[in-house]
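Novice: Before I ask anything, here is the structure I am working with.
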Number of protein chains: 2
Amino acid sequence: MQTEHTYKQFDAELEAVRAKVLQMGGLVEQQIVNALESLISVNPKLAAEVMETDQRVNALEVQVDEDCSHIIARRQPAASDLRMIMMVVKTITDLERIGDEATKIARVAQKIYESDRMYKPRFNEIKTMVTLVREMLRTALDAFARLDVTRTVEVARQDEQVDEQFRAAMRQLITFMLEDPRTISMSLEVLFVAKAIERIGDHAKNIAEYVVYMVKGKDVRHTSVDEMERETLAP
Amino acid sequence: MQTEHTYKQFDAELEAVRAKVLQMGGLVEQQIVNALESLISVNPKLAAEVMETDQRVNALEVQVDEDCSHIIARRQPAASDLRMIMMVVKTITDLERIGDEATKIARVAQKIYESDRMYKPRFNEIKTMVTLVREMLRTALDAFARLDVTRTVEVARQDEQVDEQFRAAMRQLITFMLEDPRTISMSLEVLFVAKAIERIGDHAKNIAEYVVYMVKGKDVRHTSVDEMERETLAP
């Protein structure tokens, strides 16, 4: 028996869950920014902050998961609301893993701080990559917040750019290593940072794809970017 | 109105979904085995097979997701059944990503085949790692199939071993690269393979944690291995 009252409560509960997802999104974005900064300025305190934030992100994931189960059990939502809840469950997994990747970057920052730092790596390529994945994450979360697929294809296209940037960074690191083999160890650390950022891009793309599924009811996860574009443009 | 008939149907539907998850598990295990073999025997045909299987894995993921949504919408399952369905939704995400990692390994195999192969990498460490993550995946899926948490802690402990093996492999690759910088490019490829296997271990561990949650109702995702052990031993 669904009365107007329970509908309103249901909407409020769904809204609360969506707000928590966006809160998680804000936290992991901050983690990304701080992880990069801790790397560039070799700041172990900031790196520690990234790891602390990760615990809040993890706690939020567990909480939202429980909220979603409760809502389903109590409200027995219909097709479109259920789709939304299932996508929330998937989105928070990707957000939590973005937090993990940021934490890995922060760990590299700590390692660099603790090392003798004979060879101080430069992070120009890393900075460019971070700018891009941050934008992807924002666009994906904005699409999630407004249930608007318009810019989701951008995220998928930017993911291809990030992959290209990763390959370019790798080529450059190989050059460094060949020129001066003493840089090999540190170059590998930088490579892992680049890999972590590339993965953050993957997760942002996943979130964008969930939004398309939520809004259009069409699963675009394992399709090409062009197909995804057709779906988002379909009425 | 739940009659005995609908209960039976519900059980059958749940069982069908669980069977599909195990089918996905079998496919990704085969992908891991074939990816390793394609690498060792430099077999591009086998590598292509890994990629083809990935499409079946992806299709199964989409299908199981839909099945789960349908079951929830039609059957309005109670707490423990709902918990099971939510965990299925999470499990298939990890299985699908194991497939992605195996595909990445297969791509390296193709690259090695296409390269001039001046330096032929050895894969001893990789083999040991694969043996371990395969065992982890099997144990996790077996726990899922039998809803038995007894051996889930093993998976978490083995994940720590895999991480240690990864670090050892990395140290060895650094030694190779220092001894002969011409091996740098190829060594990085091997490093990415090791990274992919390490990630497969992470995903297997995730699945084991979901089983604990399914059976015990306790979320052990962001806890230590010791805490996880206490939970699985609790009556």
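The values are calculated or read from the model by the stated rules, or taken from the named source; none is laboratory data. In this text, all values refer to a predicted model and were calculated from it rather than measured experimentally. Cβ sites come from the backbone with ideal geometry, for glycine too, and all protein chains shown count toward neighbours.
Novice: Looking only at the range A:18-45, filter to residues that are among the hydrophobic types (A, V, I, L, M, F, W, C) and surrounded by fewer than 20 Cβ atoms within 10 Å (Cβ to Cβ); which one of those is nearest to residue B:221 (Cα to Cα)?
Specialist: Pass one, the range A:18-45, residues among the hydrophobic types (A, V, I, L, M, F, W, C): A:19, A:21-22, A:24, A:27-28, A:32-33, A:35-36, A:39-40, A:42.
Within this subset, residues satisfying the condition of being surrounded by fewer than 20 Cβ atoms within 10 Å (Cβ to Cβ) are A:19, A:22, A:27, A:33, A:40, A:42.
Details: A:19: 23, A:22: 21, A:27: 19, A:33: 25, A:40: 31, A:42: 30 Å.
That would be A:27.
Novice: Additional query: For residue A:80, are the conditions met, namely being of a type in the set (S, T, N, Q), more than 20 Å from residue A:127 (Cα to Cα), at pLDDT below 95 and buried (at least 16 other Cβ atoms within 10 Å of the Cβ)? Steps first, please.
Specialist: Working: of a type in the set (S, T, N, Q): yes; more than 20 Å from residue A:127 (Cα to Cα): yes; at pLDDT below 95: yes; buried (at least 16 other Cβ atoms within 10 Å of the Cβ): no.
Here the answer is no, as residue A:80 does not meet what is asked.
Novice: Within the bounds of the range B:97-111, is there any residue that is among the basic types (Lys, Arg) and modelled with pLDDT under 95? Working first, answer last.
Specialist: First pass over the range B:97-111, keeping only residues among the basic types (Lys, Arg): B:97, B:104, B:107, B:111.
Imposing the further condition that a residue be modelled with pLDDT under 95 reduces the set to B:111.
Scanning the range B:97-111, I find at least one residue that is among the basic types (Lys, Arg) and modelled with pLDDT under 95, so the answer is yes.
Novice: Quickly run through the range B:1-50 and pick out the residues that are under 23 Å from the mean Cα position of the chain (by Cα), closer than 30 Å to residue B:76 by Cα and not β-branched (Val, Ile, Thr).
Specialist: Result: B:14, B:15, B:16, B:18, B:19, B:20, B:22, B:23, B:24, B:25, B:26.
Novice: Given (1) more than 14 Å from chain A (Cβ to nearest Cβ); (2) touching a Ser or Thr at 6+ places or on another chain (Cβ under 7 Å), identify the lone condition not met by residue B:40.
Specialist: It fails just one condition, (2).
Novice: While we're here: For the subset of the range A:201-235 comprising residues that are free of Cβ contacts under 8 Å to residues at least 40 places away in the same chain and among the polar types (S, T, N, Q), which member is nearest to the other protein chains (Cβ to nearest Cβ)?
Specialist: Looking at the filtered set, the residue picked out is A:223.
Novice: Restricting to the range B:179-228, what's the tally of residues that are on the phi > 0 side of the Ramachandran plot and part of a helix (DSSP H, G or I)?
Specialist: Within the range B:179-228, the first condition is being on the phi > 0 side of the Ramachandran plot, and the residues that meet it are B:217.
Among the residues that remain, those that are also part of a helix (DSSP H, G or I) are: none.
The total comes to 0.
Novice: Same structure, new question: Search the range B:70-112 for residues being of a type in the set (Ser, Thr, Tyr) and closer than 26 Å to residue A:81 by Cα, and hand back the single one that is nearest to the other protein chains (Cβ to nearest Cβ).
Specialist: Initially, the range B:70-112 is screened for residues of a type in the set (Ser, Thr, Tyr), giving B:80, B:91, B:93, B:103.
Checking the rest, the ones that are also closer than 26 Å to residue A:81 by Cα come to B:80, B:91, B:93.
Details: B:80: 10, B:91: 11, B:93: 6 Å.
My answer is B:93.
Novice: Checking residue A:77 against (1) closer than 30 Å to residue B:217 by Cβ; (2) part of a helix (DSSP H, G or I); (3) over 17 Å from the mean Cα position of the chain (by Cα), which test does it fail?
Specialist: (2)
Condition check ((1) within 14 Å of chain A (Cβ to nearest Cβ); (2) basic (Lys, Arg); (3) crowded, with 22+ Cβ neighbours inside 10 Å) across all residues:
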{"site": "B:124", "(1), (2), (3)": "no, no, no"}
{"site": "B:127", "(1), (2), (3)": "no, yes, no"}
{"site": "B:142", "(1), (2), (3)": "no, no, no"}
{"site": "B:172", "(1), (2), (3)": "yes, no, no"}
{"site": "B:179", "(1), (2), (3)": "yes, no, no"}
{"site": "B:192", "(1), (2), (3)": "yes, no, no"}
{"site": "B:196", "(1), (2), (3)": "yes, no, yes"}
{"site": "B:199", "(1), (2), (3)": "yes, yes, no"}
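Novice: While we're on this one: Can you find, within the range A:144-167, the residue that is surrounded by the fewest Cβ atoms within 10 Å (Cβ to Cβ) among those that are within 14 Å of chain B (Cβ to nearest Cβ) and not acidic (Asp, Glu)?
Specialist: So in the range A:144-167, the residues within 14 Å of chain B (Cβ to nearest Cβ) come out as A:159, A:163, A:166-167.
After this cut, where a residue has to be not acidic (Asp, Glu) as well, the list is A:166-167.
Numbers: A:166: 19, A:167: 12.
The extreme case among them is A:167.
Novice: For the structure I just gave you, tell me whether residue A:16 is out of contact with any helix residue (DSSP H, G or I) (no Cβ under 7 Å at 6 or more places or on another chain) and more than 24 Å from residue A:110 (Cα to Cα). Spell out how you get there, then give the answer.
Specialist: Details: out of contact with any helix residue (DSSP H, G or I) (no Cβ under 7 Å at 6 or more places or on another chain): yes; more than 24 Å from residue A:110 (Cα to Cα): yes.
Considered against the rule, which asks whether it is out of contact with any helix residue (DSSP H, G or I) (no Cβ under 7 Å at 6 or more places or on another chain) and more than 24 Å from residue A:110 (Cα to Cα), residue A:16 comes out as yes.
Novice: Next up: So in the range B:201-235, with the set limited to residues that are of a type in the set (Gly, Ala, Ser) and surrounded by fewer than 24 Cβ atoms within 10 Å (Cβ to Cβ), which one is farthest from residue B:98 (Cα to Cα)? First the steps, then the outcome.
Specialist: Within the range B:201-235, the first condition is being of a type in the set (Gly, Ala, Ser), and the residues that meet it are B:201, B:204, B:208, B:217, B:224, B:234.
Subset that is surrounded by fewer than 24 Cβ atoms within 10 Å (Cβ to Cβ): B:217, B:224, B:234.
Numbers: B:217: 25, B:224: 23, B:234: 30 Å.
Restricting to residues being of a type in the set (Gly, Ala, Ser) and surrounded by fewer than 24 Cβ atoms within 10 Å (Cβ to Cβ), the top hit is B:234.
Novice: What is the one condition in (1) of a type outside the set (Asp, Glu); (2) closer than 29 Å to residue A:10 by Cβ; (3) outside any helix (DSSP H, G or I) that residue A:120 does not satisfy?
Specialist: (2)
Novice: With respect to residue B:108, is the statement that it is under 17 Å from the mean Cα position of the chain (by Cα) and part of a helix (DSSP H, G or I) true?
Specialist: Values: under 17 Å from the mean Cα position of the chain (by Cα): no; part of a helix (DSSP H, G or I): yes.
Spelling it out, it is not the case that residue B:108 is under 17 Å from the mean Cα position of the chain (by Cα) and part of a helix (DSSP H, G or I).
Novice: Further question on the same structure: Among the numbered criteria (1) surrounded by 15 or more Cβ atoms within 10 Å (Cβ to Cβ); (2) under 24 Å from residue B:29 (Cα atoms); (3) hydroxyl-bearing (Ser, Thr, Tyr), which one does residue B:69 miss?
Specialist: Here residue B:69 clears every test but (2).
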